[in-house]
Amino acid sequence: MIEQFTVEEINLICIYNTENRNELISELIEMIRDCEDGELFQIAQNVLKKVSDMSDYEFAALEFYPEYGDDEQEEAID
């Protein structure tokens, strides 16, 4: 199920509380309302649709961790 999210979408999700699907949806709606960045706006809309289309049970089964590129992961470990 987690494969349906891109790296960018997973990283956006990790900014917010992922313990509750409804809370994440509310936070995304608020963020979208105030977003002025076109790319971020599109990513947030994609996440909102995907999360809204799944059940609470499906969402609870997911674990979200930030994804790092190879260079970023090495920097985070150092």
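Please verify whether GLU36 is surrounded by fewer than 11 Cβ atoms within 10 Å (Cβ to Cβ), under 13 Å from the mean Cα position of the chain (by Cα) and not aromatic (Phe, Trp, Tyr), treating the condition exactly as stated.
Numbers: surrounded by fewer than 11 Cβ atoms within 10 Å (Cβ to Cβ): yes; under 13 Å from the mean Cα position of the chain (by Cα): no; not aromatic (Phe, Trp, Tyr): yes.
When the stated conditions are applied, GLU36 does not pass them.
Quick grid of which residues meet (1) at pLDDT 95 or above; (2) under 14 Å from the mean Cα position of the chain (by Cα); (3) not in a helix (DSSP H, G or I); (4) not polar (S, T, N, Q):
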{"site": "MET31", "(1), (2), (3), (4)": "no, yes, no, yes"}
{"site": "GLN42", "(1), (2), (3), (4)": "yes, yes, no, no"}
{"site": "VAL47", "(1), (2), (3), (4)": "yes, yes, no, yes"}
{"site": "LYS50", "(1), (2), (3), (4)": "yes, yes, no, yes"}
{"site": "GLU58", "(1), (2), (3), (4)": "no, no, no, yes"}
{"site": "GLU63", "(1), (2), (3), (4)": "no, yes, yes, yes"}
{"site": "PRO66", "(1), (2), (3), (4)": "no, yes, yes, yes"}
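Contact list please: Cβ distance under 7 Å, first residue in the range 53-66 and among the acidic types (Asp, Glu), second residue exposed (fewer than 11 other Cβ atoms within 10 Å of the Cβ) and modelled with pLDDT under 95, pairs at least six apart or on different chains.
Short answer, once both residue conditions are applied: GLU58/MET1.
The values are calculated or read from the model by the stated rules, or taken from the named source; none is laboratory data. Because the structure is predicted, anything quoted here is derived from the model rather than measured. Positions of Cβ are backbone-derived with ideal geometry, glycine not excepted, and every protein chain shown enters the neighbour counts.
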